[in-house]
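Take a look at the structure below.
The values are calculated or read from the model by the stated rules, or taken from the named source; none is laboratory data. Computed from a predicted structure; not experimentally measured. Glycine gets a Cβ as well: all are built from the backbone with ideal geometry, and neighbour counts include every protein chain shown. Keep in mind that these areas ignore ligands, DNA and RNA; they rest on the heavy atoms of the full protein, side chains included. Shrake-Rupley method; radii C 1.70, N 1.55, O 1.52, S 1.80 Å.
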Amino acid sequence: MIKNFTLGQYFNTASVIHKLDSRFKLVEIIALIVFIFLAPNFVGIGILSAAVLLVILLSKVPVTMYLRNLKPIIAIIILTALLNIFYVSGGTVLFSWWIFTVTSEGLLKAAFMATRIVLMILISSVLTYTTTPTELTDAIESLLSPLRFIGLGEAVHTLAMMMTIALRFIPTLTDETDKIMSAQKARGADMENGGIFKRLKALMPILIPLLFSSVRRANELAEAMDCRCYTGGKGRTRMKKLSPTFYDFIAIIFTVVICASIIFLRIF
Amino acid sequence: MSILKTKNLSFTYPQISSVHHATINDISFSLDSGETIGIIGHTGSGKSTLLQTLNGLIKPDSGMVFLNEKDLWENPKEIYQKRFKVGLVFQYPEYQLFEETAYKDIAYGPKNMGLSDEEIDLRINEYSALLGITEDNLNKSPFELSGGEKRRVALAGILAMEPDVLVLDEPTAGLDPIGRTMLFNAIKEYQIKTNAGVIIVSHSMEDLSKMCDKLLVLSGGEIKKFGSVKDVFLDSAELNNLGLDVPMVTRVMLELKAKGLDIRSDIFTVDEAAKEILNFFSQSL
Ligand SMILES: Nc1ncnc2c1ncn2[C@@H]1O[C@H](COP(=O)(O)OP(=O)(O)OP(=O)(O)O)[C@@H](O)[C@H]1O
Ligand SMILES: [Mg+2]
């Protein structure tokens, strides 16, 4: 079964982070990611780590959920760390063997880089865990809306609508795939055995009905939208209006303070 | 002799957290060859899930399924073979059609069984005739057929595997009255010819009372009642509690009886009811 595949891994705990206006949340998190890469030294990374940790705790999403997201990139972290350990020279030599020399500077640099990557993953996880895909596309649409001044307003709306529809239909399609797979297995389809060619061929009985039903669904959706007088972005209002609250105010100040302190560290 | 039997079958979808009750729980029943069992239960009661354990699409968490007195899962590698013996027709089977022609689509199952082309051709001719699929439609793309015609093709695809047990999930949903009658007649005919056991899930009590020998009532994944059609429908209060109902004509008879007419109410088909009412009038005249 392919149901356990989730995209937009929203995890609702109704925390203050969930309640933040998604437009501001998106900008704040992008700002934090940028400043994670601008942080010049361990003091800066320390400040950012504390900030990320605070946000994680406030989100009330179990810490294990965050750790799970780190798993796929452990290899990358280790690789960058190793590269830094061996290729950064300077500082006192701690250890030397053949062509490898480990210096204190290299170790520090490795730890620095690794922390950066981890922080970046963690803070982006905060965004995906606390923001529904719909909120996210709304935020993107809203943030791109200035493009209407150069005549791209309709394009932005169409893009956002396409993203929303695509995200909406992912669970439907996985459901459908499950059903069609079961139905073909009931007719003796064997998808687990055989060579690559045989397996590819065994996919046809699944892909073709899936394609047909997607086209059918798309048609139905288009008709339903027509029936409700959908004419694109012009004059369209929202049911859920995004509106900043007191928490957003605090979150903005929080982000500004963090970013300012990093700028301060860089300058002095 | 029982052809299909389950013993203490339980299964829960892995994504559902353990705080929920099992999707199906402790299901034991047995089906004889030539017998028809109807399964009723409200939406989400686990009917479709139960059906999928019967042909090994779902491996139960605990409990066993016996096909011809043999454990279905005794050799998990051969589970594919078992699916030819327990033919499962899904809800809205027309959405699984994929071949270029209806003919080829019906041939898909038998081909997977490894039958010869002549044998496959024989079976396709036999079962498309049984289901009233015209020669013309056999050579059309399945996507050009109407919904009802597609349904027949899908069903023919399962019948052509000549399963010992035929399992149908709401086979008449969305069909017109003629389509329903035709479908049921075809199933009956297949059953008479092969002495297969049949299991039907349906929300139509009328259809079930016409087709079935026994009824199995599911609620919350558990068997609430398993017995002859008469036994199950006689307890209309219990059925109402479970969000189900007796056939319409039975309700009419119950009302008539409540109005003081001396009339039988253990009647589940319109034909029987007509006879009983005529009988009543000829006696009272
Ligand atoms: N693939 C699946 N993954 C997780 N849960 C499922 C899955 N399929 C069904 N369920 C859940 O299992 C329960 C039983 O579902 P099932 O489809 O067996 O019900 P049903 O009796 O066939 O209902 P209906 O009359 O609507 O067809 C439901 O609560 C449903 O939400
Ligand atoms: Mg069902």
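Give, to the nearest whole percent, the P(r) tail of chain A beyond 30 angstrom, counting all Cα pairs.
Value for chain A: 51 percent of Cα pairs lie more than 30 Å apart.
Could you pull out every residue, at least 5 positions away or on a different chain, whose amide H is within less than 5 Å of the one on residue B:225? Hs are placed 1.01 Å off N in the peptide plane, and Pro or chain starts have none.
Placed amide hydrogens put B:217 under 5 Å from residue B:225.
Averaged over every viewing direction, what's the projected area of the C-alpha convex hull for the range A:1-92? Give it in nm², one decimal, please.
8.7 nm²
Using only the Cα atoms of the range A:189-268, build the gyration tensor, take square roots of its eigenvalues as a ≥ b ≥ c, and label the shape rounded, prolate or oblate: rounded if a/c is under 1.5, else prolate if a/b is larger than b/c, else oblate.
Oblate is the answer for the range A:189-268, as a/c is 1.5 or above yet b/c matches or exceeds a/b.
Could you give the angle, 0 to 90 degrees to the nearest 10, between helix B:177-194's Cα long axis and the longest principal axis of the Cα atoms of chain B?
It works out to around 70 degrees.
Over chain B, with a Gaussian network built from C-alpha contacts below 10 Å, which listed residue (B:172, B:43, B:23) shows the highest mean-square fluctuation?
Ranking B:172, B:43, B:23 by mean-square fluctuation puts B:43 first.
Could you give the angle, 0 to 90 degrees to the nearest 10, between helix A:42-59's Cα long axis and the longest principal axis of the Cα atoms of chain A?
40 degrees
How many angstrom lie between the Cα centre of the range B:112-189 and the Cα centre of the range A:29-62?
After rounding, the separation between the Cα centres reads 62 Å.
Please return the longest stretch of chain A lacking exposed loop sites, where trypsin sites (Lys or Arg not before Pro) count only if DSSP places them in a loop and at most 15 other Cβ atoms lie within 10 Å.
Here the longest run is A:4-227.
Can you pull the one-decimal nm distance between simple spin-label points at residue A:254 and residue A:211, each 7 Å off the Cα toward Cβ?
Once both label points are built, they end up 4.9 nm from each other.
Once Lys and Arg get +1 and Asp and Glu get -1 on their Cβ, which of B:187, B:173, B:138 lies farthest toward the positive end of the dipole of the range B:107-220?
B:173
Could you give the length gained on full extension between residue B:101 and residue B:230, defined as 0.36 nm per residue of separation minus the Cα-Cα distance, in nm?
Contour length minus the Cα-Cα distance gives 42.1 nm.
What are the ³J(HN,Hα) couplings of the range B:37-50, residue after residue, when phi is run through the Karplus curve with 6.51, -1.76, 1.60 and θ = phi - 60°? Round to Hz, x for glycine and proline.
My calculation for the range B:37-50 gives 10, x, 10, 10, x, 6, 4, x, 7, x, 4, 5, 4, 4 Hz in order.
In percent, how large is the relative contact order of the range B:34-145, given Cα pairs closer than 8 Å and 6 or more residues apart?
Once normalised by length, the contact order is 21 percent.
Any chance you could look up the accessible area of residue B:26 with a 1.4 Å probe, heavy atoms only, rounded to 10 Å²?
Per-residue accessible area (residue B:26): approximately 80 Å².
Filter the cross-link list B:214/B:259; B:210/B:259; B:210/B:230; B:7/B:225 down to pairs whose alpha-carbon distance in this structure exceeds 18 Å.
The answer is B:214/B:259; B:210/B:259.
Quote the relative contact order of chain B in percent (integer), defining contacts as alpha-carbon pairs under 8 Å separated by 6+ residues.
Relative contact order for chain B comes out at 22 percent.
Where the only charges are on Cβ atoms (+1 Lys, Arg; -1 Asp, Glu), what is the dipole of the protein assembly as shown about its Cα centre, to the nearest 20 debye?
2240 debye
Any chance you could get the radius of gyration and Dmax over the Cα atoms of the protein assembly as shown, in Å?
Radius of gyration, then largest Cα-Cα span, for the protein assembly as shown: 31.8, 118 Å.
Over chain A, what is the relative contact order in percent, taking alpha-carbon pairs closer than 8 angstrom and at least six residues apart?
Answer for chain A is 30 percent.
Taking N as the number of residues in the range A:110-268, what value does Rg over Cα atoms divided by 2.2 N^0.38 Å take?
1.54
Let me know the charge dipole size of the range A:1-130 about its Cα centre in debye, to the nearest 20, where only the beta-carbon of Lys, Arg (+1) and Asp, Glu (-1) is charged.
Here the range A:1-130 has a charge dipole of around 400 debye.
Report the paramagnetic label zone for residue B:1: residues of the range B:58-86 whose backbone N is under 20 Å from a point 7 Å from Cα along the Cα-to-Cβ axis.
Taking a point 7 Å out along Cα→Cβ of residue B:1, the residues of the range B:58-86 whose backbone N falls under 20 Å are B:65-75, B:82-86.
In a GNM of chain A with a 10 Å cut-off on Cα contacts, which of A:245, A:64, A:177 has the highest mean-square fluctuation?
Checking each option, the largest mean-square fluctuation is seen for A:64.
Can you give me the angle between helix A:22-38 and the longest principal axis of chain A, using Cα atoms only, in degrees from 0 to 90, rounded to the nearest 10?
That works out to roughly 40 degrees.
May I ask you to derive the FRET efficiency for residue A:225 and residue A:155 from their Cβ-Cβ distance with R0 = 22 Å, giving the value to the nearest 0.05?
0.75
Taking only DSSP H segments of four or more residues, each worth -39500 (n - 2.57), what value at 222 nm results for chain B once the sum is divided by all its residues, to the nearest 500 deg cm²/dmol?
The helix contribution divided over chain B gives -12500 deg cm²/dmol.
How large is the helix-only mean residue ellipticity at 222 nm for chain A, computed as the sum of -39500 (n - 2.57) over DSSP H runs with n ≥ 4, divided by its residue count, in deg cm²/dmol to the nearest 500?
Taken over chain A, the calculation gives -24000 deg cm²/dmol.
Quick one: what are the phi-derived ³J(HN,Hα) couplings along the range A:170-177, Karplus 6.51/-1.76/1.60 with θ = phi - 60°, whole Hz, x for glycine and proline?
Couplings: 4, x, 4, 5, 5, 4, 4, 4 Hz.
Averaged over its residues, how many other protein chain Cβ atoms are within 10 Å of peptide A:171-183's Cβ atoms?
Averaged over the peptide's residues, the number is 3.
Between residue A:31 and residue A:89, with labels modelled 7 Å along Cα→Cβ, what's the label distance in nm to one decimal, could you check?
Using points 7 Å along Cα→Cβ, the separation is 4.2 nm.
Per-residue counts of other Cβ atoms within 10 Å, averaged by peptide: what ranking do you get for B:68-78, B:120-130, highest first?
Highest to lowest by the protection proxy: B:120-130, B:68-78.
At R0 = 35 Å, how high is the FRET efficiency between residue A:199 and residue A:71 if r is their beta carbon distance? Nearest 0.05 is fine.
Given R0 = 35 Å and the Cβ-Cβ separation, E is 0.80.
Classify chain B as rounded, prolate or oblate, taking a ≥ b ≥ c as the square roots of the eigenvalues of its Cα gyration tensor: rounded when a/c is under 1.5, otherwise prolate if a/b is larger than b/c and oblate if not.
Cα axes put chain B in the oblate bin.
Which residue, chosen from A:78, A:45, A:215, occupies the Cα position most advanced towards the positive end of the dipole of the protein assembly as shown, where the dipole is computed from +1 (Lys, Arg) and -1 (Asp, Glu) charges on Cβ about the Cα centre?
A:45
Determine the dipole magnitude for the range B:1-77: charges of +1 sit on the beta-carbon of Lys and Arg, -1 on that of Asp and Glu, nothing else is charged, the reference point is the Cα centre, and the result goes in debye to the nearest 20.
180 debye
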